[in-house]
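The values are calculated or read from the model by the stated rules, or taken from the named source; none is laboratory data. Given the structure is predicted, the values throughout are model-derived calculations rather than measurements. Cβ coordinates were reconstructed from backbone atoms using ideal geometry, including for glycine residues, and neighbour counts include every protein chain displayed. The area values use the complete protein model at the heavy-atom level, side chains included, leaving out ligands, DNA and RNA. Shrake-Rupley method; radii C 1.70, N 1.55, O 1.52, S 1.80 Å.
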Amino acid sequence: MRWITRDKSFYQSLFKLAIPVALQNLITFSVNFADNIMISSLGDAAVSGVFMGNQMQTLLQMLSGGVEGALLVLAAQYLGRGDTESMRRISAIGVRIGSLFGALTTIVCTLFPSFILSLFTNKADIIDTGAPYLFILAFSFIPFTITQSLIASARSAENARIGLYVSLASLISNITLNYILIYGKLGLPAMGIKGAALATLIS
């Protein structure tokens, strides 16, 4: 049995799908990384607070990734059969499940941000700094999970580029808004760590 194939069309399809997906995942993680880098001038407590707050975002990414994986497998099977109606139903189920994860995480993080951060650290200054960041960031969880589910649906229909474009737009807007809101540019007040959270929410 061959380990590789000489079918050029296979590699063309592989790279057409794999490269946008890989870049999109890299960019998605870069959004939170940008917050950590741009908040560094505010001190170690701010950096640690943002990092701890982003742990919930990472957890949510893992949960939504599981939903996406199942959605991709099931929807791709229906695509192979030409059953687009079932693909739509699977996509709708994926959006609902993702929304549920996002809603539950949002509720917990907005009601108990300090308690959530206390699960990751026992340092009061980090908890006090990170709680406002997590509170604002939590409102982005539902849009995030819905978007990820829809991007997975697009991938199952062999349209992987839309996720890359969406993530790239999100990264650019996040960096731009970070600069404006964290440091108080264009006549706006400097919001510090709250500005970083608001920039992420908007982007």
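Grab every C-alpha pair in the chain, bin the distances at 5 angstrom width from 0 up to the longest one, and report whole percents.
1, 8, 14, 17, 16, 14, 11, 8, 5, 4, 2, 1, 0, 0
At 1.4 Å probe size, with every protein chain present, just tell me what the per residue accessible area of the range 109-203 comes to in Å². Before the final figure, lay out the partial values.
Working: 4600 Å² over 95 residues.
Accessible area per residue: 48 Å².
For the chain, give the percent of accessible area contributed by carbon and sulfur heavy atoms, probe 1.4 Å, rounded to a whole number.
Numbers: 7710 of 11210 Å².
Roughly 69 percent of what the probe reaches on the chain is carbon or sulfur.
Can you grab the distance from the C-alpha centre of the range 77-113 to the C-alpha centre of the range 20-64, Å, no decimals?
23
Heads up, I need the accessible area for PHE120: 1.4 angstrom probe, whole protein in place, Å², nearest 10.
90
Any chance you could run the full-extension gain for SER40 through ARG81? It's 0.36 nm times the residue separation minus the Cα-Cα distance, nm to one decimal. Can you show the working numbers first?
Working: separation 41, 0.36 × 41 = 14.76 nm, distance 5.14 nm.
The span from SER40 to ARG81 would gain 9.6 nm if fully extended.
Using label points projected 7 Å from each Cα along Cα→Cβ, tell me how many nm separate ALA70 and ASN25, to one decimal.
For the pair ALA70/ASN25, the computed spacing is 1.9 nm.
With just the Cα atoms defining each centre, how far is the range 142-160 from the range 163-196? Give it in Å.
Here the two parts' Cα centres lie 24 Å apart.
If one puts a single equal scatterer on every Cα of the range 27-109 and applies the Debye formula without solvent, what log₁₀ I(q)/I(0) results at q = 0.20, 0.21 Å⁻¹?
For the range 27-109 at q = 0.20, 0.21 Å⁻¹, log10 I(q)/I(0) is -0.91, -0.95.
Give the accessible surface of the range 37-107 per residue, rounded to a whole number of Å², with probe radius 1.4 Å and ligands, DNA and RNA excluded. Could you put the intermediate results ahead of the total?
On the way: 3620 Å² over 71 residues.
That works out to 51 Å² per residue.
Per 0.36 nm of contour for each residue apart, how much would the distance between LEU100 and ARG88 grow if the chain were fully extended, relative to their Cα-Cα spacing?
2.5 nm
Please give the contour-minus-distance gain from ARG161 to ASN122: 0.36 nm per residue of separation, less the Cα-Cα distance, rounded to one decimal in nm. Before the final figure, lay out each step's value.
Working: separation 39, 0.36 × 39 = 14.04 nm, distance 4.21 nm.
Gain on extension, ARG161 to ASN122, equals 9.8 nm.
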